[in-house]
Amino acid sequence: MSDTNEYELYESRGFQDYSLGHQKMYTLPIQFLQDKDRRWNVIDVGVGIGFGLRKMLEAGILDRYVGVEPHPLSHDYLNQQEWPEHVKIHPCGWLDLPEDQLLLADYIFCIEVIEHVPDDQVAAFLARMRAHVRRNLFLSTPDSAKTDHGTATVPQWRARLKAAGFTEVAVIDSQWTVLYVCE
């Protein structure tokens, strides 16, 4: 995992904003889900400081929410907030979350997380998401062809996602980070 996390980055900016890349990667799918005029079961892998969670609550799209956040500073920051009863946040990584704490989600968000997963765990990480999502996985990660922060190129991520069992992988490639919409 990276030496920094969302809480540390947020703190370094004086708690004034949130990464524009992260904002865009959450906002596009949330708008899509909001347009469906329903409430959904959502898993957020790497909830960070809760930007996506707050946006989902504001949009009124959540029926149930499970978030996982392994970094202690981010998790402690999240625990200082008051969340509705249908929101559960766990202080662990995605592969460490016990099965009985999971749900079969309509959608999974994994925004700017997978590039921090050790390469030998990526296949298991993706396979577990495939096993727990009914509709779409929204996954974003930097493109290694555009930045040194990425771990793979778009074709490599597309191949990994297909190998995990996602049959359709759409790519929204509008900045240094890429959003994969996987079905």
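Arranged by the count of other C-beta atoms within 10 angstrom, fewest first, what order do I30, I172, I114 take?
With the sparsest Cβ surroundings first, the list reads I172, I30, I114.
Which of the peptides 115-128, 53-66 is most tightly packed, and how do the rest follow, judged by the mean count of other Cβ atoms within 10 Å per residue?
Order by mean packing, descending: 53-66, 115-128.
Based on Cβ point charges of +1 for Lys and Arg and -1 for Asp and Glu, what charge dipole magnitude is obtained for the chain about its Cα centre, in debye rounded to the nearest 20?
680
Can you tell me the length gained on complete extension of the stretch R135 to K162, counting 0.36 nm per residue apart and subtracting the Cα distance?
The span from R135 to K162 would gain 8.2 nm if fully extended.
Indicate the gyration tensor shape class of region 9-96 (rounded, prolate or oblate), computed on the Cα atoms with a ≥ b ≥ c the square roots of the eigenvalues: a/c under 1.5 is rounded; otherwise a/b larger than b/c is prolate and the rest oblate. Each step should come with its number before you reach the end.
On the way: a/c = 1.79, a/b = 1.24, b/c = 1.45.
The shape class here is oblate.
Take the Cα pairs of region 19-182, get the Kirkwood Rh, then feed it into Stokes-Einstein at 4 °C and 1.567 mPa s and tell me D in µm²/s.
82
Computed from the coordinates by the stated procedures, all read-outs in this text should not be read as laboratory data. Here the structure is a predicted model, which is why all the values come from computation and not from measurement. Positions of Cβ are generated from backbone atoms using ideal geometry, with glycine treated the same way; all protein chains shown enter the neighbour counts.
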